[in-house]
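Since the structure comes first, as structure tokens, the remarks are kept for the end.
The values are calculated or read from the model by the stated rules, or taken from the named source; none is laboratory data. Nothing here was measured: the structure is a model prediction, and the numbers come from that model. Every residue, glycine among them, receives a Cβ derived from its backbone with ideal geometry; neighbour counts consider all protein chains shown.
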Amino acid sequence: MDFKSADAALWRETLLSYDSVIKSLGKPHLISHDDFYRKDLPALLHQRDPNPYITTAELSSLMEWKLARGKWRPRLLSFVSSLADAVVTDASTKAFAALPDASKAISALTVLKGVGPATASAVLAAYAPDVAPFMSDEAMVAVLGNSKDYSLKTYVSFVEKVQAKAKELSCSDDVFTPSDVERALWSCSAGAKVRSSSKKADEVEPERKSKRKRK
């Protein structure tokens, strides 16, 4: 699916495939992490309105989700898990208060060791999916053409484009949030990789059987 596509039905169909793609990756722990990130964490954060914050334990669980869905970097998890709860609470309170200014919100969170713009965007997306999408590799490639520059400037550009796409796809009967757009892009990319791997496996198996028969 091309990011430029304006076919809302196709986007919705791709978004609805998210759960099945998560399961197809063969990572049982990712399923539980994803449930926490998309369901439990948002509820916890909104229970703390009007002054929401995230705890160190919750941030660590969020980091586990991020690493499980992308590339595993254990040092980042170690950094985040060692942060003092008061420091995390203070930084996240300031970040949520800064919304809808994504730039200020990201800056407030990236003072924390181990938290870069991508992790900070995941925190914001959990609380305000209608404002700040997660900065995933797959969405970055689809929207900006690369996933190498994880700077604040790049994230701001990413947010603007994803917000515009969400607005373009939305109508009175079907509303897309920026986070919906990100998840659809991730589902499209990750799903394509799973299908490609499965196809290669199917092609290799007959060759293996043929070699065993020749022996």
Report, by residue number, each residue of region 1-11 that is at pLDDT 95 or above and farther than 16 Å from Ala164 by Cα.
Ala9, Leu10
Of the residues Ala118, Ala95, Ala132, Ala126, which single one is touching a Leu at 6+ places or on another chain (Cβ under 6 Å), assigned to a helix (DSSP H, G or I), within 25 Å of Tyr18 (Cα to Cα) and of a type outside the set (S, T, N, Q)?
Ala126
Considering each residue of region 1-43, count those that are of a type in the set (Gly, Ala, Ser), part of a helix (DSSP H, G or I) and farther than 20 Å from Ala125 by Cα, and give that number.
4
Here is a list: Leu59, Leu112. Which entry is in contact (Cβ under 8 Å) with a residue 24 or more places away in the chain, in a loop (DSSP other than H, G, I, E, B) and surrounded by 20 or more Cβ atoms within 10 Å (Cβ to Cβ)?
Leu112
Being buried (at least 18 other Cβ atoms within 10 Å of the Cβ), part of a helix (DSSP H, G or I) and not acidic (Asp, Glu) is the requirement here; does Val141 meet it?
no
Residue among Asp174, Asp180 that alone is in contact with a helix residue (DSSP H, G or I) (Cβ under 6 Å, 6 or more places away or on another chain) and either modelled with pLDDT of 70 or more or not aromatic (Phe, Trp, Tyr) (or both)
Asp180
In region 1-45, which residues are more than 19 Å from the chain's Cα centre (by Cα) and touching a residue at least 60 places away in the same chain (Cβ under 8 Å)?
Ala6, Ala8
